[in-house]
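Heads up, the thing below is written out as structure tokens.
Bear in mind these aren't lab numbers, they're just calculated from the coordinates by the rules spelled out. Quick caveat, the model's predicted, so the values are computed rather than measured. Glycine gets a Cβ as well: all are built from the backbone with ideal geometry, and neighbour counts include every protein chain shown.
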Amino acid sequence: MEIYRRLKERGMSFVTITDHNTIDGVLEIAHLPDVFVSCEYTVVVPEEKGKVHVLVYGLREENHRELLRLRDSVYEFVKYLKMNRLAHSLAHPFYSVQGTVLSKSLVEKLVLLFDNWEVINGTRGDGVRYIEESIARLYDGWNKIHQLAEKHKVEPQRFRERISFTAGSDDHGGMDVGRTWTAVEGAHSKEDFLKGLWEGRTLVGTEELGDKRLLNMVCRVGYDFLKSKGHIPSEIRPITDYLFMHSDNPMVGLLLRNFIGVRAERESLLKELARVLPSISIERFFKSPSPQTLGELCLSLMAHGFPAFLKYAQKREEKKIKAIGRDFGVLNGRAIKVAYLTDTYHHINGVARSARLLRQIALEEDMPFKVVVSNSAVEEEDNLINLKPLLEVPTPFYEELKMGVPNFLDLLELLEREGFTQVHVATPGPLGLLGFLAGKILDLRVTFAFHTDLPAYARTYTGDAELEELFWKFFLFIGNLSDRFFVPSEHYRRLFVNRGLSYGKVGVFRRGVDTELFSPYKREEDFWIRKLNLRRHQRVVLYVGRVSKEKGLDTFLYTARCFPEDAFVIVGDGPYRAQLETYRPKNVYLVGYLTGDELAKAYASSYVFLFPSETETYGQVVLEAMASGLPVLVSSRGASHEHVEEGVNGFIATKPEEFVEKLSLLLSKENLHRTMSQEALYRARSLDMKKSYMDYMLSIAGLGRLVHEAG
């Protein structure tokens with residue numbers, strides 16, 4: 001009666017219920033107007049050792065008894081349906097019933113048997129309808145039907161040369177019945193409707209599909225079971241009964257919506273509750289930390305993750321159906337669209353700079369990339385999507401960099417709603433890792449970029465070799481799960497390959513440098529004199545980058561002490577600055593962050609670039625210094641030395657004493673300095689920044705090899 005009322009309220013002209021292998025339920029309402037008796041039968045395909053579900057409409061009880069008897073052979077079952085002109089449809093054609101292997105031969109036999117296929121199912125996703133309809137259309141026409149019959153030595157049961165389509169709610173909970181339907185134009189009675197079904201004069205329709213209906217169904221069935229056992233406390237029953245549509249008390253609905261903070265439709269309340277519970281419980285926990293509020297937080301996170309689990313189940317099923325489609329040459333192809341996820345965007349670092357530049361190039365070149373962030377300080381712009389964070393947490397080793405933790409269900413819905421075909425994770429922070437998980441759940445192409453040597457940072461800051469190894473295992477785990485794993489240099493490709501990652505899976509992304517911004521022409525003779533009150537004859541040895549322990553700044557200070565007449569300038573900021581200030585020699589200056597044209601002048605107005613960092617994955621600042629006409633002196637460890645040809649455009653050193661020795665050559669031999677300066681400039685200008693980023697973007701999208709071959 002509940003189902004009947006709900007269907008009529010939702011505008012259905014006719015009503016039926018197709019329970020599995022029984023008509024007891026529908027017989028309870030068979031006396032009501034516009035109701036006809038139907039059933040969903042589990043039927044065996046003998047030689048395939050498989051089963052299918054068949055929907056049969058307009059039954060009499062004697063038909064039902066006979067069909068139950070015939071379920072052991074789909075051929076006898078369908079023959080009976082045809083002889084008795086009973087309207088029927090093959091339910092969810094490519095759903096694996098009770099573990100049935102859906103082979104190509106089984107599907108072709110189903111083509112020979114059924115004139116109607118159910119191509120919209122209310123509790124499944126919307127990614128398979130195209131495949132089911134396309135395969136049905138492959139066999140239009142009697143010639144193709146007879147060829148199939150000859151191939152499989154099966155007598156065809158078809159009486160129409162073109163398969164028609166039906167749709168159904170498949171809602172075992174009753175909350176979303178009537179949101180997916182089959183229509184027959186001009187049917188004024190249920191007899192007209194059944195005749196239209198038999199003749200295939202059907203139209204199908206649905207409201208939005210997705211995991212919401214599956215969530216409602218699973219939770220309603222579970223709730224009804226618990227309620228029947230008396231396990232629902234009486235104090236919460238008014239709320240839960242409203243939530244699961246057992247009651248219609250408007251005051252309860254108003255209170256529930258105010259608690260959730262949304263104006264959702266009735267059927268969306270359960271999904272919205274799962275969405276907002278973490279933010280409510282996080283707020284309660286921080287206001288009043290206790291075992292109770294911690295337990296509430298854990299339960300809310302479990303509830304929050306349940307829709308994602310159901311989405312994963314849907315996508316696994318979709319993946320199997322897409323594999324069947326490929327067997328038939330049917331590809332449900334979508335235009336490439338990449339979600340570029342980064343936990344840092346407006347900060348001053350190389351990863352954030354890359355994200356901003358990639359977004360700009362995507363806009364200029366109309367490339368299918370959108371940058372996704374989760375940060376309370378970022379405003380949305382063209383090609384930039386900001387997911388409101390549930391909370392923001394400091395980055396390990398980068399306390400001043402706050403990372404947003406997004407609502408996971410919001411992230412899942414964003415990726416689906418925007419039609420992304422791929423997720424690229426630029427950072428292993430909360431957004432990046434949740435995006436990685438979301439991409440896997442949605443069966444998207446997932447790529448990952450290793451920008452920062454976190455294993456080395458862990459070793460530097462903690463001295464714990466086991467923690468370093470744990471980080472390596474984490475990145476190898478991520479790399480093996482990724483469709484493509486990008487590193488910034490050959491040095492790190494070798495590291496990952498030596499640790500067990502497949503060589504073919506690891507891609508190297510090389511970034512060029514903005515030679516219009518960074519140029520020797522930005523040199524100003526009195527730049528450092530004005531800024532630091534230096535003497536005119538003092539030469540500036542420059543460092544640009546994060547001021548942190550892992551950057552080798554102790555070596556920078558050691559070298560500075562050996563050249564007291566020259567100025568050593570550190571541009572940047574970070575957690576190690578306060579410590580450096582306490583014991584730096586007098587000829588070392590810390591000037592904080594410089595950006596844009598001011599940074600370009602700082603490079604060009606210096607004499608040598610000294611970069612002793614041993615943890616660089618690329619060393620973008622080395623290229624910026626080269627583009628500004630500076631010889632460079634870098635560490636042999638890490639990847640920054642890959643830009644340097646020893647003795648040609650710079651020097652490579654390992655120990656502090658080597659840095660001193662090689663810097664002495666650059667400071668004492670003017671001709672050597674001039675030659676290296678020119679070679680450094682040539683090297684930087686050979687790396688076009690925009691082209692390097694476009695190549696990287698094409699590689700992320702999986703088009704790099706095609707472009708290379710075409711070139």
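Here are the numbers for this structure:
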item: Subset of Lys82/Lys144; Lys104/Lys322; Lys153/Lys320 violating a 24 Å alpha-carbon distance limit; result: Lys153/Lys320
item: Point-to-point label distance, Leu672-Arg494, nm (Cα→Cβ direction, 7 Å offset); result: 2.5 nm
item: Across Lys51/Lys109; Lys109/Lys151; Lys51/Lys212; Lys271/Lys311, pairs whose alpha-carbon gap is larger than 21 Å; result: Lys51/Lys212
item: Descending semi-axes in Å of the stretch 159-204, equivalent ellipsoid built from Cα gyration tensor; result: 22, 14, 8
item: Considering only the chain, percent of DSSP beta bridges that pair antiparallel, nearest 5; result: 35 percent
item: Within the stretch 408-441: backbone nitrogen closer than 18 Å to the Lys505 label point (7 Å, Cα to C-beta); result: 423-428, 433, 436-441
item: Cα-based shape type of the stretch 520-687, given that a ≥ b ≥ c are square roots of the gyration tensor eigenvalues and the cut on a/c is 1.5; result: rounded
item: Kirkwood-based Rg to Rh ratio, the stretch 236-285, C-alpha trace; result: 0.97
item: Compactness relative to 2.2 N^0.38 Å, alpha carbon Rg of the stretch 2-209; result: 0.97
item: Those lysines that a straight Cα-Cα span of less than 29 Å connects to Lys669, excepting residues fewer than 8 apart in one chain; result: Lys522, Lys531, Lys551, Lys586, Lys601, Lys655
item: Gyration tensor (Cα) of the chain, equivalent ellipsoid semi-axes in angstrom; result: 66, 30, 19
item: Sites Asp554 and Glu661 - FRET efficiency at Förster radius 22 Å, r taken between beta-carbons, to 0.05; result: 0.80
item: For the stretch 306-346: rounded, prolate or oblate by the Cα gyration tensor [a/c cutoff 1.5]; result: oblate
item: Rg followed by Dmax, in Å, when the stretch 338-508 is reduced to its Cα trace; result: 15.7, 46
item: Kirkwood-based Rg to Rh ratio, the stretch 589-672, C-alpha trace; result: 0.95
item: Estimated FRET transfer efficiency when R0 is 60 angstrom, pair Leu532-Val221 (beta carbons, to 0.05); result: 0.25
item: Relative packing of peptides 444-454, 248-258 - highest average C-beta neighbours within 10 Å first; result: 444-454, 248-258
item: Protection-proxy order for peptides 184-197, 493-506, 559-572, each taking the mean of Cβ atoms within 10 Å per residue, highest first; result: 559-572, 184-197, 493-506
item: Theoretical gain in end-to-end length, Glu524 to Tyr682 [0.36 nm per residue, Cα-Cα removed]; result: 54.8 nm
item: Angle in degrees between helix 430-441 and the longest Cα principal axis of the chain, rounded to the nearest 10; result: 40 degrees
item: Rounded if a/c under 1.5, otherwise prolate or oblate - the stretch 213-312, Cα gyration tensor axes; result: rounded
item: Order of Val588, Val204 - criterion: other Cβ atoms within 10 Å of each residue's Cβ, fewest first; result: Val204, Val588
item: Cβ-Cβ FRET estimate between Ser73 and Met12, R0 fixed at 41 Å, reported to 0.05; result: 0.75
